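Read the figures in this text as sums done on the coordinates, not as results from a lab. Note that this is a predicted model, so its numbers are computed, not measured. When we count neighbours, we look across all protein chains shown, and the Cβ atoms used for this are built from the backbone with ideal geometry, even at glycine.
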Amino acid sequence: MQVTRLTSRAPGQDPPDCEAELDGHFSGVEVTELVDQETLEQSIRATQQREAGGDPTKPEVFLLWDRAQLLFELQARIDAKDRSWKGGPYERYVLVIHTDEFSLDRETVARFLQGATFQTHILTDVFLGLSFGTDPIFRLDLLPRA
């Protein structure tokens, strides 16, 4: 995908977070994160307690995601962003979901996404990006919501 003329939108003018020409199409681009908040908060508390010289009441942890949980959480993020956007009109409505989740490596995500589809109203493209690994971007299969 060729990205040109990428510009951030002013505070309070989102969604979307930015606008760009994507393959020559004027597009709105919204970005969100996929993280298990409870797991993240426990790890942060444990790290802070350890750095302060104490023993954490609960240890640092990471979530071992399963397919059902990943698909549910992806659809939840799509649903949260799949609404009226300011600006435009856009030819493409793009959502980029980014994750640093340790157990979501390329092979696992590819296996979990096999055969999965996600429903949208206005979103035309949804991408899942991993922080590490080779070829870390997935384009999700979308179906229009009835």
If each residue of separation counts as 0.36 nm, what is the full-extension length gain between ASP17 and GLN49 once their alpha-carbon separation is subtracted? 8.0 nm
List every residue whose amide H lies under 5 Å from the amide H of THR120, counting only residues 5 or more places away in sequence or on a different chain, with H placed 1.01 Å from N in the peptide plane. LEU143, ARG145
Per-residue ellipticity at 222 nm attributable to helices in the chain (runs of n ≥ 4 DSSP H, -39500 (n - 2.57) apiece, nearest 500 deg cm²/dmol) works out to -8000 deg cm²/dmol
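What share of the DSSP beta bridges in region 3-144 is antiparallel, in percent to the nearest 5?
Of those bridges, close to 40 percent are antiparallel.
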Compare the Cα positions of VAL3, THR99, GLY87 along the charge dipole of the chain (+1 at Cβ of Lys, Arg; -1 at Cβ of Asp, Glu; about the Cα centre) and return the one farthest towards the positive end. GLY87
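Order by neighbour count: ARG106, ARG5, ARG77, fewest other Cβ atoms within 10 Å first, most last.
Lowest count first: ARG5, ARG106, ARG77.
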Tell me, what HN-Hα J-couplings in whole Hz come from the Karplus equation 6.51 cos²θ - 1.76 cosθ + 1.60 at θ = phi - 60° for each residue of region 104-118, using x for Gly and Pro? 9, 8, 4, 5, 5, 5, 4, 5, 5, 7, 4, x, 7, 10, 10
Taking the square root of 5 times each eigenvalue of the Cα gyration tensor, what semi-axes in Å does the equivalent ellipsoid of the chain have, largest first? 31, 19, 14
Can you work out ³J(HN,Hα) from phi for every residue in region 20-35, in order, using Karplus 6.51 cos²θ - 1.76 cosθ + 1.60 and θ = phi - 60°, giving whole Hz and x for Gly and Pro? 7, 8, 10, 6, x, 9, 5, 9, x, 10, 10, 10, 9, 10, 9, 8
What does the charge dipole of the chain about its Cα centre add up to, to the nearest 20 debye, if the Cβ of each Lys and Arg holds +1 and the Cβ of each Asp and Glu holds -1? 320 debye
